[in-house]
1. If one computes the Cα centroid of segment A:1-37 and of segment A:367-417, what distance in Å separates the two points?
2. Assuming R0 = 60 Å, what is the FRET efficiency of A:W88 and A:L215, from their Cβ-Cβ distance, to the nearest 0.05?
3. Give me the distance in nm between label points sitting 7 Å out from Cα along the Cα-to-Cβ direction at A:D206 and A:N154, one decimal.
4. Can you list which of the GluC sites (Glu not before Pro) found in segment A:377-451 are DSSP loop residues with at most 12 other C-beta atoms within 10 Å?
5. From the phi of every residue in segment A:60-71, what ³J(HN,Hα) in whole Hz does the Karplus formula 6.51 cos²θ - 1.76 cosθ + 1.60 yield, where θ is phi - 60° and glycine or proline is x?
6. Quick one: Cα centre-to-centre distance for segment A:39-94 and segment A:342-356, in angstrom?
7. Given the pairs A:K70/A:K472; A:K218/A:K280; A:K2/A:K478; A:K389/A:K504, which span a C-alpha to C-alpha distance of over 23 angstrom in this model?
8. Zone of A:E396 (label point 7 Å along Cα→Cβ, backbone N under 12 Å): which residues in segment A:319-355?
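The values are calculated or read from the model by the stated rules, or taken from the named source; none is laboratory data. Everything numeric here is computed off the predicted structure, so don't read it as measured data. For neighbour counting, all protein chains shown are included, and Cβ atoms are generated from backbone atoms with ideal geometry for every residue, glycine included. In case anyone asks, the SASA skips ligands and DNA or RNA and just uses the protein heavy atoms, side chains included. Shrake-Rupley method; radii C 1.70, N 1.55, O 1.52, S 1.80 Å.
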Amino acid sequence: MKQRVLSLLSSSIEREIVLEKPRDRSFGHFATPIAFAMAKELKKNPMIIAQELVEMFSKEEMFANVEAVKGYLNFKLSEDFLDEYATWALEHPDDFGKGESSSNILLEFVSANPTGPLHIGHARGAVYGDTLLRLGRHVGHNITAEYYVNDAGNQIALLGTSLILEGKANILNEKVEYPENYYRGEYLTKLAQIAADTYGNDVFNDEEKIKEVALWAKDEVIKMIISDLDAINVNFDTFVSEAGLYDDWDRVMDKLSASGGTEIIDGKTWLKSSLKGDEKDRVIVREDGRPTYLAGDIIYHNQKFERDYDTCINIWGADHHGYMARVKASLEFLGHDSSKLDIQLTQMVSLLKDGQPFKMSKRAGTVVGMNDVVEEIGSDALRFMFASKKSDTALEFDLVDLQKTDSSNPIFYINYAHARIHTILNKSEMKMGTIMASNVKGLGEDADNLLFEAMLLNEVVEDAFNSRQVQKLTDYLKSLASTYHKFYYDHKVIGTQNEAKMLKLFLVVALSIKTGLSLLGITAKESM
RNA sequence: GCGCCCGUGGCUCAACUGGAUAGAGUAACGGACUUCGAAUCCGUUGGUUACAGGUUCGAAUCCUGUCGGGCGCACCA
């Protein structure tokens, strides 16, 4: 909708136009402060400029009314235009809210180490990333969802050792000395049992097999992670293995040093990231020749950029923010445009249950598993909760609040609006053909407002994706549901003269809610 | 100490990225069912946008400083 208005305005005004949706509907459907900007250049009173613009546009069929108020230019859309758009939406439900962007984007998210199940912080990144993915695709972009698997380095060996210890302790019932660093948790108990079933109990005493067991365990953990993610409707297109990247190491190193990006001091290779905005240089190869974690990231990001995307989006936990400068520095040295790397951070999550800190009771300690939360409140509530908060602010929420079945629980409230529409459609004797053949004109201001709001989905989705702020969509859906509930309360539908018209209006609302929820990875309910 | 993020009604969050009177939900209180789902709706109370300056037609938003909070500051991933 907004696109159409904008393109009409752009054909007459040669400058960037900010078109906004006024808070107060009496100012129209759309408004622009363009006259203020023009006033500076033309050295004329903005009120006068606005008045001139009114005359330019008031004859357009798209508008019922164009007004100049205090320098703002306010547009009210015509009912013909609104009805035409509504009909189009209902006839093309799969295209509703879609955009025409077409960038190639790589979206990397979650990328949790394959050493244990996902915790609640990962879940936030997963939901945020997957929601961005859905929004971006709806807007028209071509996006690849990728998971970077850190399967090289110490932590895999540590996983192997931890599994062996677990087996010794719980299956062989031996006394074991635990080292300072090792993994623990219920998942290891399960894994040890499977390992015993697969390889036999001897495996826990066979030093030779430690490496093999570690790799096996890593694969098992990845399977667990994938199935955990699947439980909240998060899926990936590609998995990139860190271990597999090192074939490319020599080539990338050559490129780095050729551009003066490296330096060897005390037998270690340093990335001279301080030359590119980082606070200091970073070791990428240790004295003994083993690469550091950063090395893998450098090869990986180089590979990403050589795959030639328009934009690479990374979603990282906020505790990694110190990494941004060094990764970008390496990209610069490798001759890439680091501004194409868009790093979004997700902040910490803390959970309450009925006002008390929610922690896992098991021996694994303090970290809350994603599974545990999904079990408590379900995927829909979890996804909605995370999507509805700005990702870069710390978040605390109470599980009990998300189990409520009233308007205090937004996902419930929105589903209820959708379900009410289906109830009323089922109750009505109207045939779909009759409903579609009617028009939504002449229903009054409440109906016009509801219809207009329902048809704003595309604008909201584009805005949410471009600003990387997915909570704009959840806010929109809450507001739309509220407007609908109000309308429903105030207006009787069945048996009235305007039954078909109103049902057509409701169909648009339902379409918008259903589409919006699906972009959040949630299936709209048709009955509660 | 240095760097990044943040500070908006009692609480959880918005505010179209510099625009019109800072909005929702929750909590508290008071109303609306012989009516398509009251699982809903309506109303009242609650704000010097942490504080002090600055930039301009215009600031919660941008700049500077102060205070307060979170996260980093590995040859771990």
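1. About 36 Å separates the Cα centre of segment A:1-37 from the one of segment A:367-417.
2. Computed FRET efficiency for A:W88 and A:L215: 0.65.
3. Using points 7 Å along Cα→Cβ, the separation is 2.8 nm.
4. Passing both the DSSP loop test and the Cβ count: A:E429.
5. 4, 5, 5, 9, 7, 7, 10, 9, 10, 10, 6, x
6. Spelled out, the Cα-based centre of one part sits 42 Å from the other.
7. A:K70/A:K472; A:K218/A:K280; A:K389/A:K504
8. Within reach of a label on A:E396, which here means backbone N under 12 Å from a point 7 Å along Cα→Cβ, segment A:319-355 contributes A:349-353, A:355.
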